[in-house]
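Comments concern the structure below.
Every read-out reported here was derived from the displayed coordinates using simple, explicitly stated rules and does not represent laboratory data. Note that the coordinates shown come from a computational prediction; the quantities given were computed from them, not determined experimentally. Here the Cβ positions follow ideal geometry from the backbone for every residue, glycine too, while neighbour counts run over all protein chains shown.
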Amino acid sequence: MGTGHLRGKAAEYLRLARNLSLHSPTRRHLIVMAERLERQAKEIEDAAAPGRQDEADNSESDDPEA
């Protein structure tokens, strides 16, 4: 499942939650599911590009050889 799909579902769940009463247990459940989907999308992106963070760390280094 792609990160775009996960983020799309998360956005849909948040949209649905906004239309529910603040006291609705379903509202809280939708928000929790949306947060989980966002976290999964981020984990997939981080796992797919592990060198991306290393490159960002090296670019900020004071060492000219890095």
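Highest mean packing comes first when the peptides 23-34, 5-16 are listed by Cβ atoms within 10 Å, giving 5-16, 23-34. Charge dipole of the stretch 1-51 (Cα centre as origin; +1 on each Lys and Arg Cβ, -1 on each Asp and Glu Cβ, all else neutral): 300 debye, rounded to the nearest 20. Would the stretch 3-57 count as rounded, prolate or oblate if I go by the C-alpha gyration tensor, calling it rounded below 1.5 in a/c and otherwise prolate when a/b exceeds b/c, oblate otherwise? Because a/c hits 1.5 or more and a/b exceeds b/c, the stretch 3-57 counts as prolate.
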